[in-house]
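Computed from the coordinates by the stated procedures, all read-outs in this text should not be read as laboratory data. Everything numeric here is computed off the predicted structure, so don't read it as measured data. In this analysis, Cβ positions are derived from the backbone assuming ideal geometry, glycine residues included, and neighbour counts consider all displayed protein chains.
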Amino acid sequence: MPANLTPQYFEAERRYKEAKTIPEKITLLEEMLAVIPKHKGTEKLQKDIKTKLSKIKKQTDKKSPTSKKGSIHFIPKEGAGQAVLIGHPNTGKSQLLASLTNASPEVAAYPFTTRMTLQGMIPFKNINIQLIDAPPISSNFMETWMPPIIRYADINLLTVDLSSAESMEQIEDVLNVLSRSNICLTGDMTDTVNEEGKFTKKAMIVCTKDETSAAREKFEIIEELYKERFPLVNVSAIENKNLDTLKEEIYKNLNILRIYSKLPGKKADFGEPFVFKKGITLIEVAKSIHKDFEENFRFARIWGSGKYDGQKVQKNYILQDEDIVEFHI
């Protein structure tokens, strides 16, 4: 059967062959998998791509961060999701990282303090969300390795300085710079790539340094202009203002849910939940846990989500956040 590969697949393949860094290769292999037509004629090609992707990820795990040029900037995903702080110089990214996580980045008033990717973990309820502080982006300068970092993220947090006279210009400048690198930021839940190889990446706007009445007035203007395109949050890391709201918004916009397991006759395990994308079904969860669960699945009982305790559900049931699942095989 012919493969009938699309132009967008060939474009991703071309860029993969030209890629120089590990994060670029990983991102482009994942893009190739996403856009390749799914039918019998491409099964072998899909398998080859998955094999390459697996080998690269294993090599990344084994090698030290400095073993390959460019790999020192790439941070593998950990926790329930990966959020990346991007924006103009001095918009408060490093201060946010320090306030939301256990990281200790250098925080200074001069531009381009952050020249490397730095990470920390945001504790949110009973999960951890990975937060990365990336070097600044502006029309004057952007690190050449930044686009793969942005494409690889689960969500990007575009930071804007409310104390600056050029807050709105900061937003448009970053959007324009990324557009020239074939990245379009959006508030939509789903990442996409079009036939020309342009990525649409999920993002939200985080307005920082909300510490004066003038800053709050500016946020209201930005909110009015961008609320149809992006989720927005106004915060002050110094005054600890709205940081819990920011955590909630990051979690919501990661589009994930937490699932707890329960053995028949036992109490639920509320220690560390399973984390999945929203829309997942019972049988998909069963498959991810163990192949025997999928093969021998009969039914499950569910607690939570407004159902009566122990309600019996079948394999196509779509799970909700904080459902407790008891599998019967």
Kindly evaluate Glu284 against the criterion of being within 29 Å of Met121 (Cβ to Cβ), surrounded by 15 or more Cβ atoms within 10 Å (Cβ to Cβ) and without any contact (Cβ under 8 Å) to a residue 60 or more places away in the chain. yes
Within segment 272-304, can you find the residues that are small (Gly, Ala, Ser) and over 25 Å from the mean Cα position of the chain (by Cα)? Ala300, Gly304
For segment 231-257, name all the residues that are surrounded by fewer than 20 Cβ atoms within 10 Å (Cβ to Cβ) and of a type outside the set (A, V, I, L, M, F, W, C). Pro231, Glu239, Asn240, Lys241, Asn242, Asp244, Thr245, Lys247, Glu248, Glu249, Lys252, Asn255
